[in-house]
1. Scanning region 262-285 for residues that are outside any loop (DSSP other than H, G, I, E, B) and at pLDDT below 90, which turns out nearest to the chain's Cα centre (by Cα)?
2. Taking region 234-258 only, how many residues are at pLDDT below 90 and in contact with a strand residue (DSSP E or B) (Cβ under 7 Å, 6 or more places away or on another chain)?
3. State which residue is farthest from Lys379 (Cα to Cα) when the search covers only region 211-232 and only residues that are part of a loop (DSSP other than H, G, I, E, B) and in contact with a Phe, Trp or Tyr (Cβ under 9 Å, 6 or more places away or on another chain).
4. Which of the residues belonging to region 175-187 are out of contact with any helix residue (DSSP H, G or I) (no Cβ under 6 Å at 6 or more places or on another chain) and surrounded by fewer than 17 Cβ atoms within 10 Å (Cβ to Cβ)?
5. Sort through Ile312, Ile344 and tell me the only one that's surrounded by 16 or more Cβ atoms within 10 Å (Cβ to Cβ) and under 30 Å from Lys215 (Cβ atoms).
6. Against the definition (at pLDDT below 90 and either among the aliphatic types (A, V, I, L, M) or not in a helix (DSSP H, G or I) (or both)), how does Asp194 come out, yes or no?
Amino acid sequence: MNGLGTRKCIDTVLLRSQQSFNRRKQFLGVYYGAASNCMRSYASASANVVQRPTAKKANPPMSQTKPVLNTAKTPTSAPFKVSFAGDTTPARKAPAPAAPKPAAFSLRPKLTGKIKSNALNRRHEALAATEIKEAKQARAEQLEKQLEQLKELAAIERHNPTIDPWSGAVQTLDLHIPLSRSFKEGATLRDHVDEWKLTFQNYVRNVISMWRMAKANAFPDVDVKRRYSLNVLLPARIKPNDWLAPFRAMALKNYKQVLQALANLDERTMKRLTTGSYQDDMLKYIKQARDQKMHLKQHYVKDNQPPIVVSIRAIEGYLGAEEPKIGNRLLVQICVMFDMEQTIEVYNRDGKLLTREGAIALNQEPQPSRTVEFIVFEKKMWYDGPWVIRDQLYPGVKPKFTELQ
């Protein structure tokens with residue numbers, strides 16, 4: 001072996017010795033470091049339990065305070081783990097935490113907030129679907145009853161040609177007083193929107209009814225030559241050449257006659273110009289005035305504005321197989337607003353003027369008062385009869401209407 005090979009061999013031995021020394025040093029450093037950490041943790045835990053005096057020190061004098069036991073629990077340090085380079089042995093696992101106790105068994109599942117809300121929504125949807133189904137069923141039953149009644153009326157007409165089965169009393173249709181806002185106490189924006197919606201629906205149904213009357217040429221004292229006219233879209237317009245102008249004049253005349261018949265206690269005129277619930281109320285007032293021997297006087301002063309048509313409904317009321325001999329098949333109801341000033345005097349049996357409360361009036365001169373009334377006129381167009389007063393409406397009060405289909 002030459003000198004170069006000997007040198008390389010010595011260098012290799014020294015290098016391996018140095019590497020072995022470094023590995024041992026690293027091992028001892030890690031081992032002693034972990035051991036010192038463990039001892040410090042154990043010493044701190046023991047010091048918190050009992051504080052013992054050292055043996056070198058003398059016994060403490062009587063004046064010194066005795067050691068106090070510290071019973072406070074100190075959290076123990078987390079378990080440490082030591083690993084060595086090149087060590088393939090698996091590390092010792094920490095003890096598994098205790099398994100939680102199983103919950104009590106219940107047949108009823110525990111619902112979270114989201115599941116509860118979904119269940120409530122499904123329940124509300126099911127209830128709404130049930131209500132809709134019941135309403136449709138009730139509507140179908142009502143239509144079946146109406147169809148049976150129509151069949152009975154058609155049979156009566158067929159077997160008795162001299163009898164008119166379509167002359168029976170009818171209810172007030174879905175007439176509506178248009179308002180600019182809701183008059184409910186504490187009305188909200190939704191109430192006002194609902195009122196505007198009803199007003200718009202009333203206008204649309206007015207136009208439809210005007211079209212039906214123009215198609216049947218059913219306007220009194222008017223010969224409709226063109227159905228496509230601006231009069232169809234403006235039923236509330238006040239002009240002398242409107243299709244409803246003759247009707248407004250006739251309605252004002254009949255209304256004044258009814259007021260005069262009430263003041264004169266004229267039952268004959270009242271029965272001729274009224275019908276339905278309005279006639280029942282007027283006849284009741286006449287009977288009460290006669291029983292109490294009271295006298296009424298009515299004086300017309302002036303009109304604050306011409307009569308205005310606020311709502312009109314026209315439906316097919318004559319359903320016979322053949323066309324009516326006169327007129328057409330329509331049943332028409334029109335609500336008219338009257339704004340006038342008049343005086344109504346009520347005298348008792350002694351001839352003394354009474355107030356509205358029934359007391360004797362001190363001032364014998366009656367004062368005119370403004371009255372605004374919404375009167376419903378009705379006419380069956382297959383009869384040659386007058387327009388009669390059917391009912392009286394009040395703004396802000398929703399009566400029981402028969403909806404127009």
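1. By that ranking, first place goes to Ser277.
2. 3
3. Ser229
4. So in region 175-187, the residues out of contact with any helix residue (DSSP H, G or I) (no Cβ under 6 Å at 6 or more places or on another chain) come out as 175, 177, 180, 183, 185-187.
Within region 175-187, Ser180, Phe183, Glu185, Gly186, Ala187 qualify.
5. Among Ile312, Ile344, only Ile312 is surrounded by 16 or more Cβ atoms within 10 Å (Cβ to Cβ) and under 30 Å from Lys215 (Cβ atoms).
6. Spelling it out, it is not the case that Asp194 is at pLDDT below 90 and either among the aliphatic types (A, V, I, L, M) or not in a helix (DSSP H, G or I) (or both).
The values are calculated or read from the model by the stated rules, or taken from the named source; none is laboratory data. Bear in mind that the values here come from a model prediction, so they are computed numbers and not experimental data. Please note: Cβ atoms are built from the backbone with ideal geometry, for glycine as well, and neighbour counts cover all protein chains shown.
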